[in-house]
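Colleague: My structure is below; once you've seen it, I'll send some questions.
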């Protein structure tokens, strides 16, 4: 795993959209993205901030099951 770069919430949503996620709703400063897989649904909340902290980004990567290379 390479070094993760600082990203905005909108950039992260763009990557999630590219991998089949859909924006379900936005409440305040958080966007909720979902993807349907076979018998279940993956739900990932994304803060709509200019800079997402690395720990939060790692959590989004883990929840979305997208390879971390996409976020480098």
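Colleague: Among residues belonging to the range 1-15 that are in a loop (DSSP other than H, G, I, E, B) and surrounded by 10 or more Cβ atoms within 10 Å (Cβ to Cβ), point out the one that is farthest from the chain's Cα centre (by Cα).
Modeller: Checking each candidate, the answer is 1.
Colleague: Here's a follow-up. State yes or no: is residue 58 out of contact with any helix residue (DSSP H, G or I) (no Cβ under 7 Å at 6 or more places or on another chain) and exposed (fewer than 14 other Cβ atoms within 10 Å of the Cβ)? Give the derivation first.
Modeller: Working: out of contact with any helix residue (DSSP H, G or I) (no Cβ under 7 Å at 6 or more places or on another chain): yes; exposed (fewer than 14 other Cβ atoms within 10 Å of the Cβ): no.
No.
Colleague: Just checking, how many residues over the range 16-55 are surrounded by fewer than 15 Cβ atoms within 10 Å (Cβ to Cβ) and over 27 Å from residue 3 (Cβ atoms)?
Modeller: Summing the residues that are surrounded by fewer than 15 Cβ atoms within 10 Å (Cβ to Cβ) and over 27 Å from residue 3 (Cβ atoms) in the range 16-55 gives 14.
Each value in this text was obtained by applying a stated rule to the coordinates, not by laboratory testing. Predicted model only: the values in this text are computed from it and were never measured. With ideal geometry, Cβ positions are generated from the backbone for all residues, glycine too; neighbour counts draw on all protein chains shown.
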